[in-house]
Amino acid sequence: MDDTFDREKVVDCMFDPITSSILAELEDGEKECSFLAEKSSISESEVSERLSYLLDHGFIFKNSNNGKSIFSANTEKLTQIVENSDTFNATIEGLEKMDSYLN
């Protein structure tokens, strides 16, 4: 596992609508790939593909149990990337501006 990663790519992965729904499922603990695929209405191979960059850099863990792939999140590492991201701060500011226009 390499500690060097593209922070922007990680944030992009995390905020992709489908990947973020998968990550939300992992907040409660580890889940089988088949469960994540069913919840996201995508194939198991696409779940693995969407999580591959996060897996490669230790944001997500993958284990096998009786031939089934089990994913879990490194919530501490995921939280740190969001809290320390300029992209995240800019996104929040953009949402706040949009909210002020709508109100």
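Miscellaneous remarks
- Spacing of the modelled spin labels on GLU49 and THR75, each 7 Å from Cα toward Cβ, amounts to 3.0 nm.
- In order through the range 52-59: 3J(HN,Hα) via Karplus (6.51 cos²θ - 1.76 cosθ + 1.60), integer Hz, x for Gly, Pro: 4, 5, 5, 5, 4, 10, x, 7
- Cut-off 13 Å between beta-carbons: net charge of the residues surrounding SER40, Lys and Arg +1, Asp and Glu -1: -4
- Per-residue extension of 0.36 nm, minus the Cα-Cα distance of GLU38 and PHE5, leaves a gain of 9.0 nm for this segment.
- Along the axis of the charge dipole computed for the range 1-41 (Cβ charges of +1 for Lys and Arg, -1 for Asp and Glu, origin at the Cα centre), the listed residues SER41, VAL11, ALA24 are led at the positive end by SER41.
- Sequence-ordered 3J(HN,Hα) estimates for the range 7-15 from the Karplus curve with 6.51, -1.76 and 1.60 and θ = phi - 60° stand at 4, 5, 5, 5, 4, 4, 4, 5, 9 Hz, glycine and proline given as x.
- Normalised by 2.2 N^0.38 Å, where N is the number of residues, the C-alpha radius of gyration of the range 10-81 stands at 0.98.
- Under 5 Å, built H, 5+ apart or other chain: amide partners of GLY58: none
- Net +/- balance of residues flanking PRO17 in space, Cβ distance below 14 Å, scoring K and R +1, D and E -1: -2
- Local electrostatic count, SER69, Cβ distance below 11 Å [Lys/Arg +1, Asp/Glu -1]: 0
- Stretched out straight at 0.36 nm per residue, the stretch from PHE61 to SER20 would grow longer than its current Cα-Cα span by 13.2 nm.
- Over the range 4-53, accessible surface divided per residue gives 58 Å², non-protein components excluded, 1.4 Å probe.
- Ranked by the mean number of other Cβ atoms within 10 Å of their residues, highest first, the peptides 63-69, 26-32, 43-49 come out as 43-49, 26-32, 63-69.
The values are calculated or read from the model by the stated rules, or taken from the named source; none is laboratory data. What you see is a predicted model; the values in this text were computed from it and never measured. Methodologically, a virtual Cβ is constructed for each residue, glycine included, from the backbone with ideal geometry; neighbour enumeration extends over all protein chains shown. These accessible areas exclude ligands, DNA and RNA; they are computed on the full protein's heavy atoms, side chains included. Shrake-Rupley method; radii C 1.70, N 1.55, O 1.52, S 1.80 Å.
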